[in-house]
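Engineer: Below is one structure. I have some questions about it.
The values are calculated or read from the model by the stated rules, or taken from the named source; none is laboratory data. None of the values given here were measured: they were computed from a predicted structure. Note that we place each Cβ from the backbone using ideal geometry, even for glycine, and neighbour counts take in every protein chain shown. Areas reflect the complete protein model, heavy atoms only, side chains present, ligands, DNA and RNA absent. Shrake-Rupley method; radii C 1.70, N 1.55, O 1.52, S 1.80 Å.
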Amino acid sequence: TRGVDIVAKEIILEIFLELNRDLGMTLVIASSELDELKRICDRIAVIYKGRLFDILAPDCEDRDFTLAFSGEWKRKP
């Protein structure tokens, strides 16, 4: 949704949520907008240096995301 105006972005995100809720559709979204991802995702995969580094719940603390984005921290299984 980068470069999309705020109203259009809200419409797009609502469509994504409806597709998931009403059809059970899984969507894969690539974004650097953490607040947006936390709002619409069930899980957020962090890719670091081209590899899957961690998968976080959207309700994790921003600190946990920051550490994962930097490749410094990984949750214990």
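Engineer: What dipole magnitude, in Debye to the nearest 20, does the chain give about its Cα centre under +1 on Lys/Arg Cβ and -1 on Asp/Glu Cβ?
Structural biologist: Roughly 500 debye, rounded to the nearest 20.
Engineer: Another question, if that's okay. For the chain, with every protein chain kept in place, what is the accessible area per residue (1.4 Å probe, Å²)?
Structural biologist: Solvent-accessible surface per residue comes out at 78 Å².
Engineer: Okay, next question. Can you check what the net charge comes to around S31, using other residues whose Cβ is under 12 Å from the Cβ of S31 (Lys, Arg +1; Asp, Glu -1)?
Structural biologist: So the surrounding residues net to +1.
Engineer: At a 1.4 Å probe, what is the % contribution of carbon and sulfur to the accessible area of the chain?
Structural biologist: The nonpolar share, carbon plus sulfur, comes to 54 percent.
Engineer: Taking N as the number of residues in the chain, what is its Cα Rg relative to 2.2 N^0.38 Å?
Structural biologist: For the chain, the normalised Cα radius of gyration is 1.19.
Engineer: For the chain, find the longest principal axis of its Cα atoms and tell me its angle to the long axis of helix 6-23, 0 to 90°, nearest 10.
Structural biologist: Here the helix axis deviates by roughly 80 degrees.
Engineer: From largest accessible area down, sort F53, F69, F16; use a 1.4 Å probe on the protein chains.
Structural biologist: Numbers: F53 40, F69 100, F16 60 Å².
Per-residue accessible area, sorted high to low, gives F69, F16, F53.
Engineer: Might you work out the accessible area of T66 for me, using a 1.4 Å probe with all protein chains in place, and round it to the nearest 10 Å²?
Structural biologist: 90 Å²
Engineer: Still on this structure, please answer the following. State, as an integer percentage, the relative contact order of the chain based on alpha-carbon contacts under 8 Å between residues 6 or more apart.
Structural biologist: Reported relative contact order: 17 percent.
Engineer: Moving to a separate point now. From the helices alone, meaning DSSP H stretches of at least four residues, give me the mean residue ellipticity at 222 nm for the chain, per-run term -39500 (n - 2.57), in deg cm²/dmol to the nearest 500.
Structural biologist: -13000 deg cm²/dmol
Engineer: Out of residues 5 or more away from C60 or on other chains, whose amide H comes under 5 Å of its own, with H placed 1.01 Å from N in the peptide plane?
Structural biologist: Answer set, sorted by chain and number: none.
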